[in-house]
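The values are calculated or read from the model by the stated rules, or taken from the named source; none is laboratory data. Bear in mind the structure is a predicted one, so any value in this text is a computation, not a measurement. Every residue, glycine among them, receives a Cβ derived from its backbone with ideal geometry; neighbour counts consider all protein chains shown. Heads up: the accessible areas ignore ligands, DNA and RNA and are worked out on the full protein's heavy atoms, side chains in. Shrake-Rupley method; radii C 1.70, N 1.55, O 1.52, S 1.80 Å.
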Amino acid sequence: MMGQRKILIVEDEEMLLLAIKKKMEKKGFLTCEARSVKAAIKSLAKDKFDAIWLDHYLLGQGNGLDLLQKIKADKKLKKIPVFVISNTVSREKIKKYVKLGAVRYYTKAEYELNRIINYINWYISKK
Amino acid sequence: MKIRPRIILIFGFLFLLIMVITTYATSYFVRLNLKVHSQEEILALTINKAENVKEFIRGQENFMANLGASQVLRDYLGSPTLEEKSRAKERLTRTLGTDNNLLELLLMDKTGRVVISTGLTREGLDRSSDTFFTQAQEKVFFKDIYYSESINQVNYAVAAPLKDENGNLEGVVVGRYKPDSFYAVVLSRAGLGKTGENFVINSDYYFLTPSLFTAEDQVLKKQAVTVNTKECFDPQEVSQIKTNGYQAMGLDNVFSFTNYRGVQVVGTHAYIPETSWCLISTKDQTEIYAPARQLTYIIILISFFSLFFLIIIGYIVASRIAKPIEKLDDGTRKVAAGDLDYKVATSDQDEIGELSRSFDRMTKKIKESRQGVAREVKEQTRELREKENELEKQQSAIMNILEDVEREKDITSRERDKLNTILHSIGDGVFVIDLDQKIILVNKIALSIVGRSDEKVIGKKYSRIFKFISEKTNKRNDQFILESLRTGKMQTMPHYTNIVAKDGREIPVSDSASPLKIKGGQVIGCVVVFHDMTEERRIDRAKTEFVSLASHQLRTPLSAINWFSEMLLNGDAGKLNKEQKRYLAEVYRGNKRMVSLVNALLNVSRIEMGTLAVEPEPTSLTELSDSVLRELEQQILKKKLEVTKNYQKGLPLIKLNPKLIRIVFQNLLSNAVKYTPRQGKIKVVLKKVKDKIKIIIRDTGWGIPKREQNKIFTKLFRADNVKEKISDGTGLGLYIVKAIVKESKGKVWFKSAKNKGTTFFVELPLAGMKKKEGAKGLIGSIE
């Protein structure tokens with residue numbers, strides 16, 4: 001595909017947002033941030049994204065699962081690969097994310113940012 | 001419809017049918033017969049009469065012919081002297097007297113002048129134009145019947161010529177007759193029956209004679225113009241008669257037609273050529289067919305009488321058939337009502353009689369069999385009575401025992417009351433069942449948990465009152481109770497068991513089923529204890545959420561530090577100098593330790609909460625081991641450690657939770673790598689021994705001092721010798737390993753000596769882990 005890839009980063013922690021954004025841009029992504037389900041939906045309606053970075057706990061109403069459900073229920077959005085990167089490790093939650101169709105689940109604290117981003121990059125470029 | 005009327009009706013109908021056919025048939029044939037007969041008769045009669053008429057005419061002609069030969073008359077005509085005249089007249093007068101019917105006699109000379117007349121006709125009259133003169137010149141001439149004015153009456157004339165020796169005509173003598181004798185001939189009633197009519201007509205169809213139905217004054221006034229009369233004068237027929245006479249006439253000349261009176265008759269005709277007359281002979285059809293009609297009437301009359309009699313007979317016959325049937329029917333009713341002694345008892349030899357006798361036989365058989373049955377029943381009753389007596393004896397024996405038991409019971413009931421009181425004061429739900437799974441004891445709490453506080457449940461099957469189901473599958477989950485009954489061992493309720501209350505609510509419960517045994521070890525029942533876990537679950541969930549949240553909150557800043565350090569180290573914010581890099585590396589490492597500690601703490605808290613989830617799947621231990629070793633490769637290479645793998649061939653897959661067992665491998669192997677100095681050796685053995693799998697991890701490291709070996713599996717413990725050398729370590733790894741292995745129904749132990757190395761043994765049953773429901777998995781350090 002021509003042009004730069006765009007990723008929507010849905011994460012509530014400011015400092016983490018910054019780190020992710022910077023790293024993504026370094027890798028050549030265009031980024032957009034959202035800290036709540038509401039903001040994410042808004043952004044998704046405005047722009048076309050090649051991937052979504054999704055955290056579980058978010059600001060305001062709803063969490064990552066809710067957002068993922070909404071995305072997968074939307075014809076236009078359900079094809080966008082979603083990567084869930086969160087600190088919660090609840091088995092139930094992981095199962096749910098996978099069942100809903102998240103591409104992969106990462107535990108934040110245990111992964112180098114680099115690796116995660118490499119994976120995302122690789123995943124969407126194979127298309 | 002009943003038999004009787006049915007039979008009567010059928011026969012009646014048949015009879016009528018036959019009669020009708022008979023009537024018609026006979027009527028037809030009789031009439032035919034009669035017709036032919038009558039035709040024959042009439043023909044014969046007619047011909048006969050015709051001959052009579054002919055003969056009469058001839059007779060008359062002969063008579064005159066005779067007179068014509070009279071010498072006297074001829075003499076006179078030859079010499080008409082007075083003397084001769086008186087002699088001639090005398091002759092004529094004398095002749096006149098011989099026949100009553102002669103009206104007058106006339107003598108005419110050859111000129112046609114009446115010279116002598118005995119009657120009213122004047123002498124001297126010129127009658128030369130008269131046919132009786134003109135036609136009688138050669139031979140006798142019979143003149144038609146006609147009305148004569150001169151004598152004022154109907155008459156006929158016969159004239160005969162008088163001839164001399166030479167045959168020359170000298171004169172004509174005419175006789176004029178009353179037609180009466182002629183009438184008499186025609187009107188004779190022989191063979192005519194009642195309506196037989198004969199008459200003669202002339203060629204103008206005028207009656208020349210009276211007839212049965214035509215008066216004399218109609219003569220020469222009335223006509224009879226019919227098919228019959230016309231045919232008589234038919235030229236062909238006339239010529240036939242003239243040539244062949246009456247032989248030519250046949251039955252076809254006799255036919256039925258409407259006569260001059262308009263009556264239907266059968267008749268015929270006969271032509272009389274001498275005078276060109278026709279003789280008509282008819283008989284009324286009614287008279288002809290009268291016999292047929294009479295016959296028909298008679299048949300009908302007979303039929304009715306016969307029908308009447310037939311009905312009566314039919315009734316009788318039907319009765320004779322119906323009566324025994326009715327009797328039989330009556331008999332069946334009586335027998336059906338219960339009178340088995342009743343006999344139809346008929347002596348008829350016909351089929352009905354047979355039937356009724358068979359019926360009687362059958363009744364007899366029924367009676368006999370009933371009697372037989374009655375006898376058997378009596379016999380059985382007697383047997384039963386005997387048994388009853390026996391039972392009574394037994395009962396009294398039992399009663400005696402029971403009395404003893406009662407006494408015992410009193411004691412036990414007092415004990416039981418005590419028990420009940422205790423039971424009801426236990427905080428958990430308790431119920432006791434017997435071997436038939438029926439409730440024999442229950443406490444208030446058990447009933448209140450399921451919302452059946454007011455019900456009487458003693459004696460009912462427990463499964464109707466206490467429905468244990470699995471929270472996940474909604475299926476019955478009370479096998480633990482049955483297991484307990486069967487095996488005589490205590491069984492714990494599976495996790496995530498709910499009980500369904502009367503109103504359908506599902507309440508989480510836990511606890512166990514214990515068998516009730518009597519002396520000797522025989523299981524006679526089961527005690528099931530359960531308690532409402534709703535509160536516990538809530539607390540549990542709260543704890544879990546807390547831990548989850550806590551972990552999230554703890555890790556978020558750690559993640560930030562992690563990633564930013566990473567980025568700095570990568571030079572994403574610019575190149576770093578050596579010192580900056582070093583400090584940063586320390587920061588990064590410190591962070592990694594924190595992360596590791598937080599993970600371990602979270603795992604520990606989960607283990608302690610008992611909310612480990614176990615999802616066994618067939619796992620290859622060799623793969624796990626290899627995978628973990630790969631992770632540690634860097635370190636292994638750095639420390640130049642020699643790693644030997646000794647995996648038994650054909651090692652089966654075990655149902656384990658790979659993640660959890662991975663953690664075991666990770667901990668044990670990373671320990672081996674961490675606590676073995678450079679160029680040390682590590683050996684990993686995987687083998688199957690009987691029904692277990694053995695994992696042996698041996699290192700040539702610093703070992704665990706004996707003094708501290710007993711604390712190695714405790715929380716946060718690190719032996720002093722390694723603490724010195726490696727500051728890194730949470731002290732939680734082995735605690736976690738032990739918990740996991742225990743959970744997997746396995747064993748973990750070790751052999752170690754200071755500086756001699758350590759060997760850790762893990763034994764896992766081949767049967768694998770049992771599935772344990774748990775909300776959480778353990779946190780793996782590396783995915």
Inset, instruction - Determine if segment B:540-548 includes at least one residue that is of a type outside the set (S, T, N, Q), surrounded by 13 or more Cβ atoms within 10 Å (Cβ to Cβ), in contact with a helix residue (DSSP H, G or I) (Cβ under 8 Å, 6 or more places away or on another chain) and within 12 Å of another protein chain (Cβ to nearest Cβ). - result: yes
Inset, instruction - Looking at (1) touching a residue at least 12 places away in the same chain (Cβ under 8 Å); (2) open to solvent by 50 Å² or more (accessible area, probe 1.4 Å); (3) within 26 Å of B:Ala600 (Cβ to Cβ), find the lone condition where B:Lys711 falls short. - result: (1)
Inset, instruction - Would you mind finding the one in A:Tyr106, A:Tyr123, A:Tyr97, A:Tyr57 that is part of a helix (DSSP H, G or I) and closer than 26 Å to B:Asn599 by Cα? - result: A:Tyr97
Inset, instruction - Mind telling me which of the residues B:Ile422, B:Ile445, B:Ile458 ends up being hydrophobic (A, V, I, L, M, F, W, C), within 22 Å of B:Glu535 (Cβ to Cβ), open to solvent by 40 Å² or more (accessible area, probe 1.4 Å) and outside any strand (DSSP E or B)? - result: B:Ile445
Legend entry - Long-range neighbours under 7 Å by Cβ, at least six apart or interchain, first residue touching a residue at least 40 places away in the same chain (Cβ under 8 Å) and more than 9 Å from chain B (Cβ to nearest Cβ) within segment A:103-127, second open to solvent by less than 70 Å² (accessible area, probe 1.4 Å) and assigned to a helix (DSSP H, G or I): A:Ile117/A:Lys23; A:Ile117/A:Met24
Legend entry - Residue in segment B:183-200 that is part of a helix (DSSP H, G or I), of a type in the set (Val, Ile, Thr) and open to solvent by less than 20 Å² (accessible area, probe 1.4 Å) present: yes
Inset, instruction - Go through segment A:27-69 and count every residue that is more than 14 Å from chain B (Cβ to nearest Cβ) and over 24 Å from A:Tyr119 (Cβ atoms). - result: 12
Legend entry - Selected residue [hydrophobic (A, V, I, L, M, F, W, C) and free of Cβ contacts under 8 Å to residues at least 60 places away in the same chain] from B:Ile518, B:Ile440: B:Ile518
Legend entry - Filter result (of a type in the set (A, V, I, L, M), more than 12 Å from chain A (Cβ to nearest Cβ) and over 17 Å from A:Glu112 (Cα atoms)) within segment B:581-602: B:Ala600, B:Leu601
Legend entry - Subset of segment B:98-125 [more than 22 Å from B:Asp164 (Cα to Cα), acidic (Asp, Glu), in contact (Cβ under 8 Å) with a residue 12 or more places away in the chain and open to solvent by 10 Å² or more (accessible area, probe 1.4 Å)]: B:Asp99
Legend entry - Verdict on B:Ala513 being surrounded by fewer than 17 Cβ atoms within 10 Å (Cβ to Cβ), over 30 Å from B:Ala600 (Cβ atoms), among the hydrophobic types (A, V, I, L, M, F, W, C) and touching a residue at least 12 places away in the same chain (Cβ under 8 Å): no
Legend entry - Subset of segment A:5-26 that is aliphatic (A, V, I, L, M) and in a strand (DSSP E or B) - its residue that is farthest from the other protein chains (Cβ to nearest Cβ): A:Leu8
Inset, instruction - Evaluate the following for B:Ser670: is it under 30 Å from A:Ile94 (Cβ atoms), hydroxyl-bearing (Ser, Thr, Tyr) and modelled with pLDDT of 90 or more? - result: yes
Legend entry - strands (runs of 3 or more DSSP E) lying entirely in segment B:230-339 (those with 3 or more residues that are farther than 23 Å from B:Thr209 by Cα and in contact with a Pro (Cβ under 9 Å, 6 or more places away or on another chain)): none
Inset, instruction - Would you list the helices (runs of 4 or more DSSP H) that sit entirely within segment B:581-678 and hold 2 or more residues that are open to solvent by less than 50 Å² (accessible area, probe 1.4 Å)? - result: B:621-631, B:658-674
Inset, instruction - Considering every residue within segment B:522-534, establish whether at least one is at pLDDT 80 or above and assigned to a helix (DSSP H, G or I). - result: yes
Legend entry - Some residue of segment B:476-488 being of a type outside the set (A, V, I, L, M), part of a loop (DSSP other than H, G, I, E, B) and touching a residue at least 24 places away in the same chain (Cβ under 8 Å): yes
Inset, instruction - Please find, among B:Gly780, B:Gly774, the residue that is touching a helix residue (DSSP H, G or I) at 6+ places or on another chain (Cβ under 7 Å), within 14 Å of another protein chain (Cβ to nearest Cβ), at pLDDT below 65 and not in a strand (DSSP E or B). - result: B:Gly780
Legend entry - Yes/no for B:Arg486 being open to solvent by 50 Å² or more (accessible area, probe 1.4 Å), within 14 Å of chain A (Cβ to nearest Cβ) and basic (Lys, Arg): no
Inset, instruction - Could you grab me the full set of residues in segment B:653-688 that are among the aliphatic types (A, V, I, L, M) and touching a residue at least 60 places away in the same chain (Cβ under 8 Å)? - result: B:Ile654, B:Leu656, B:Leu660, B:Ile661, B:Ile663, B:Val664, B:Leu668, B:Ala672, B:Leu686
Inset, instruction - From the list B:Leu435, B:Leu423, B:Leu485, B:Leu447, pick out the single residue that is under 20 Å from B:Lys517 (Cβ atoms), at pLDDT 85 or above and not aromatic (Phe, Trp, Tyr). - result: B:Leu435
Inset, instruction - Please work out which residue is least open to solvent (accessible area, probe 1.4 Å), limiting yourself to segment B:467-483 and to residues that are among the hydrophobic types (A, V, I, L, M, F, W, C) and in contact with a Lys or Arg (Cβ under 9 Å, 6 or more places away or on another chain). - result: B:Phe468
Legend entry - Matching residues, segment B:498-513, being in contact with a Gly (Cβ under 9 Å, 6 or more places away or on another chain) and either outside any strand (DSSP E or B) or over 18 Å from B:Val528 (Cβ atoms) (or both): B:Ala501, B:Lys502, B:Asp503, B:Arg505
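A quick yes/no check of all residues on (1) surrounded by 18 or more Cβ atoms within 10 Å (Cβ to Cβ); (2) farther than 17 Å from B:Gly68 by Cα:
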{"site": "B:Asn152", "(1), (2)": "no, yes"}
{"site": "B:Asn168", "(1), (2)": "no, no"}
{"site": "B:Lys178", "(1), (2)": "no, yes"}
{"site": "B:Asp204", "(1), (2)": "no, yes"}
{"site": "B:Pro210", "(1), (2)": "yes, yes"}
{"site": "B:Gln223", "(1), (2)": "no, yes"}
Inset, instruction - Quick one: which residue in B:Ala270, B:Ala290, B:Ala322 is more than 30 Å from B:Leu45 (Cα to Cα) and open to solvent by less than 40 Å² (accessible area, probe 1.4 Å)? - result: B:Ala322
Inset, instruction - Would you confirm whether any residue within segment B:492-504 is touching a Cys at 6+ places or on another chain (Cβ under 7 Å), aliphatic (A, V, I, L, M) and surrounded by 13 or more Cβ atoms within 10 Å (Cβ to Cβ)? - result: no
Inset, instruction - With the checklist (1) over 12 Å from the mean Cα position of the chain (by Cα); (2) away from chain B (no Cβ under 14 Å); (3) without any contact (Cβ under 8 Å) to a residue 60 or more places away in the chain in hand, flag the one item A:Lys95 doesn't pass. - result: (2)
